[in-house]
Every structure is written in structure tokens, then in C-alpha cells.
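First the structure, in the form of C-alpha cells, and then the observations on it.
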Amino acid sequence: MPEEHSPMIAASLNERQLKIIMAVSRGWSNHRIGELFDLKASTIKSQLASIGHMTGAYTRVELVDYMCRIKLIELPSLEEPANAQLTARQTQVLRAVATGMSHRDIANKLFLTEHTVRSHTRRLYKRLGISGRVQAVVMAHALGLLD
């Protein structure tokens, strides 16, 4: 996803699409976002597909990563360094999760079992106060792990 096109993409997004992206970055489902805008979940899915077509980011993780990179998503401010709370292995797992790798792929890359990767993932989500992969992308950007 070329960053030199980011101003053009940002300008071509309408207000509703920007709000949808923000809701996605909070880990909200299409159904919940649809309730916010009084739309069907399928309409939200279509909006996300349209945004994906413009950006080349077709999954929620890719979309949020892209929007963080072009600074369209406000990153959380961290009063105390949250990464200091993570072990080195949890930091490795967070980086891998935030790039969209599956538990199996992470396990193979880090020479762990899938069960161990899931355990690390649960613990780091709890420590960081996040609930899923999409929020992991935002947090990894906030911690400077994906720059």
C-alpha cells in the first residue's frame, strides 16, 4: 500500500467512512457499527469493501494498520510505557499478531506451539486492555513496534 497516495485517499473518504474506520479500530463488529449509523451490517461490510478497494487493505487488520501508518487513526497516548509491562516474547507475539499472522504462522515463526501463542496473546491483550487483533494493531503502532 503506497503511502504517497495517502493524502488522496484521505481526501476521498467521506465522514461516515472515517467514522466506520474509527469504530473498526476500536474492535467493533459490523453489526454494532450498523446500529451506530442505523444501517444494516451488510451495508457496513460494503463500505469496508469500498474502502479496501481504495486502499488495497482488504482485512480489518490491514485497513487499521494502513490508517495508522497514514495517521488517520488517533493512537492512544500512553502515560506509562505499556511495552515495559510485556515480556520480550509477548512483544514478539504482539508484533506478529499486528501484522496479520495467524496463530499457526506465529507459532512456526517463533518455534512455539499454537497453544503457547494463544496463551501469550490472551495475556498481552489483558495487560494492554485490548480485546482483539484490530486493537492490537493500534496498540502496536502506539508502542512504536511497527514503525
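The values are calculated or read from the model by the stated rules, or taken from the named source; none is laboratory data. In this text, all values refer to a predicted model and were calculated from it rather than measured experimentally. Because the Cβ atoms are built from the backbone with ideal geometry, glycine has one as well, and the counts that use them run over all protein chains shown. Just the protein is used for accessible areas: all its heavy atoms, side chains included, with ligands, DNA and RNA removed. Shrake-Rupley method; radii C 1.70, N 1.55, O 1.52, S 1.80 Å.
Observations on the model:
Okay, residues lined up against (1) over 23 Å from Asn30 (Cβ atoms); (2) in contact (Cβ under 8 Å) with a residue 12 or more places away in the chain; (3) more than 14 Å from the chain's Cα centre (by Cα):
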site	(1), (2), (3)
Tyr58	no, no, no
Leu72	no, yes, no
Leu75	yes, yes, no
Gln92	yes, yes, yes
Gly100	no, yes, no
Asn108	yes, no, yes
Arg118	yes, yes, yes
Lys126	yes, no, yes
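- Total residues in the stretch 121-130 satisfying the condition of being open to solvent by 90 Å² or more (accessible area, probe 1.4 Å) and farther than 16 Å from Ser77 by Cα: the figure is 3.
- Restricting attention to the stretch 27-66, the residues that are under 25 Å from Ala140 (Cβ atoms) and of a type in the set (Asp, Glu) total 2.
Here is a yes/no grid of residues against (1) at pLDDT below 90; (2) crowded, with 22+ Cβ neighbours inside 10 Å:
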site: Leu94; (1), (2): no, yes
site: Val97; (1), (2): no, yes
site: Ile106; (1), (2): no, yes
site: Thr116; (1), (2): no, no
site: Ser119; (1), (2): no, no
site: Arg133; (1), (2): no, no
site: Gly144; (1), (2): yes, no
